[in-house]
Amino acid sequence: MTTLGDESYVSLATFRKSGAEVRTPVWIAPSPTGDVLYVYTNRTSGKVKRIRNDSRVCLAPCTASGRVTGDWSEAQARMLDTPNERDIGLDAVVRKYGLQMQIALFASRITGRHADRTAIEIRVSG
C-alpha cells in the first residue's frame, strides 16, 4: 500500500450493479499512520454512488490520463460521511499535493461546489 500512497495518480476501479468496472484516475494520499489511503472527490460523482452500492474497489498506479502503469491491488472503500472524517481525508490529500490541492479547493469554493466535496477511505487487501 505504501507505494500506492506514494503515486501521483492511481486508477480507482469501482463496479456498477451489473459488475462492469469503471476506472477513474484520482489523486490519492496515505494516512499519517500509513494504514489507509484517502481520495477526495465530489459526493455526487459516479464513483461515490458505486462505492455506496459495492465497497469493493481495485487500485493501480496510472498516469494523469488514466493509463495504468503497474499492478492492480484489491481493496475496500468506504465513504467518510461525518465532517470530522472528511477533514481527516482532506488533510491527508492537502499534505501530499500542497499548492495543487489548495488551488483545486479554491476553485471549488469559487464555483460553489465546495459543499459537495467528500472523502473516500480505502484499505488495501493483504
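The values are calculated or read from the model by the stated rules, or taken from the named source; none is laboratory data. Predicted model, so just to flag it, every value in this text is computed and none were measured. Note that each Cβ is placed from the backbone with ideal geometry, even for glycine, and that neighbours are counted across all protein chains shown.
Take the residues in segment 20-33 that are in contact (Cβ under 8 Å) with a residue 40 or more places away in the chain and touching a Gly at 6+ places or on another chain (Cβ under 8 Å); name whichever of them is surrounded by the most Cβ atoms within 10 Å (Cβ to Cβ). Applying the filter and picking the extreme gives ILE28.
The rows are residues; the columns are (1) of a type outside the set (Val, Ile, Thr); (2) within 15 Å of THR14 (Cα to Cα).
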residue	(1), (2)
THR33	no, no
ARG43	yes, yes
ASP54	yes, yes
ARG67	yes, no
ASP71	yes, no
LYS96	yes, no
GLN102	yes, no
ARG123	yes, yes
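Once segment 51-74 is narrowed to residues that are of a type in the set (Gly, Ala, Ser) and on the phi < 0 side of the Ramachandran plot, the residue that is surrounded by the fewest Cβ atoms within 10 Å (Cβ to Cβ) is SER65.
Kindly indicate whether VAL36 is of a type in the set (A, V, I, L, M) and without any contact (Cβ under 8 Å) to a residue 40 or more places away in the chain. Lay out the reasoning, then the answer.
Numbers: of a type in the set (A, V, I, L, M): yes; without any contact (Cβ under 8 Å) to a residue 40 or more places away in the chain: no.
For VAL36, the condition - of a type in the set (A, V, I, L, M) and without any contact (Cβ under 8 Å) to a residue 40 or more places away in the chain - is not met.
Output the number of residues of segment 83-126 satisfying the condition of being assigned to a strand (DSSP E or B) and either β-branched (Val, Ile, Thr) or at pLDDT 90 or above (or both). Please lay out each step first, then the result.
Going residue by residue through segment 83-126, those that are assigned to a strand (DSSP E or B) are 117-124.
From what's left, either β-branched (Val, Ile, Thr) or at pLDDT 90 or above (or both): 118-124.
So the answer is 7.
Looking across ALA75, ALA64, one residue alone is in contact with a Cys (Cβ under 9 Å, 6 or more places away or on another chain), closer than 22 Å to ASP6 by Cβ and not charged (D, E, K, R). It is ALA75. Please work out if THR41 is surrounded by 13 or more Cβ atoms within 10 Å (Cβ to Cβ) and not hydrophobic (A, V, I, L, M, F, W, C). It is true that THR41 is surrounded by 13 or more Cβ atoms within 10 Å (Cβ to Cβ) and not hydrophobic (A, V, I, L, M, F, W, C).
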